[in-house]
Amino acid sequence: MTTPILNTFAFLLTNPDGSSMSFMELFHAGKEIMWPILLLSFLGTTVVIERILFIVRENGTREPEVVEKMLECVERRDLQAAVEIGKKSKDFVARILVYALTNKEFSMTNAFIRASSHEMNRFGQGMATLDTCITAAPMLGLLGTVTGMMRTFGALGGGDIGAAASTITGGVAEALIATACGLLIAIACLLPYNYLNTRIEEAKHEVADASNALEILVKKSETIPPFAR
């Protein structure tokens, strides 16, 4: 992620001979603050790739028709058939229903909550890290701006502007590069972060819908003849 960010701004900064700075030259021009920014870039990229692959895998294992069949079995009071159907599926909602029905005689509600919490934790893994990258990247960029301006004003305070020209230019370059990298890393991470949050909310809705349907059908099967006790 950092390489295209720095290359994007390469044309803004040139070497004394007029040639454009290379990636490494830009990185060194950003000074020490570029190291934590680079770390955040790698960290954010890793989390985004892992989470996107996770969502793709989960989407590939979704089987809403299996969940419907399980609920139909529950309505017929055939809980064992519902469990057997669910055990053959990799759908996360089906797994929750299997666990809840398996522990129905103890506490189906608590079993459902426990299983759904486990599944939602799987969906939420890495989100705190990604949020930290989004928050910290522009702050580090701002810190780079401050340190760069401090170098610039420190050089201006020497009196001989001509002799300090390279230091002044270096301070401005440090400020620009650090700020640009910090902001673009945050923006690049924000887009997948919002998508992942949306997918988590969809998963929560699917779990809540299954919970409500299961509770209604269990009550219905227990009160409507010939299933009434």
Where the centre of each part is set by its Cα atoms, how far does segment 41-79 sit from segment 193-224, in angstrom?
-> 13 Å
Can you tell me how much longer the chain between Thr46 and Thr109 gets when fully stretched, taken as 0.36 nm per residue apart minus their C-alpha distance, in nm with one decimal?
-> 19.0 nm
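Rounded, prolate or oblate for segment 35-142? Axes are the square roots of the Cα gyration tensor eigenvalues, ordered a ≥ b ≥ c, and the cut-off for rounded is a/c under 1.5.
Cα axes put segment 35-142 in the prolate bin.
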Just rank Ile185, Ile33, fewest to most, by other beta-carbon atoms within 10 angstrom.
-> Ile33, Ile185
Sorting Phe42, Phe54, Phe112 on the 10 Å Cβ count, fewest up front, what's the list?
-> Phe42, Phe54, Phe112
Mind listing which trypsin sites (Lys or Arg not before Pro) in segment 34-85 are in a DSSP loop and have 15 or fewer other Cβ atoms within 10 Å?
-> Arg76
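Rule-based calculations on the coordinates, nothing more; no lab input. Computed from a predicted structure; not experimentally measured. Because the Cβ atoms are built from the backbone with ideal geometry, glycine has one as well, and the counts that use them run over all protein chains shown.
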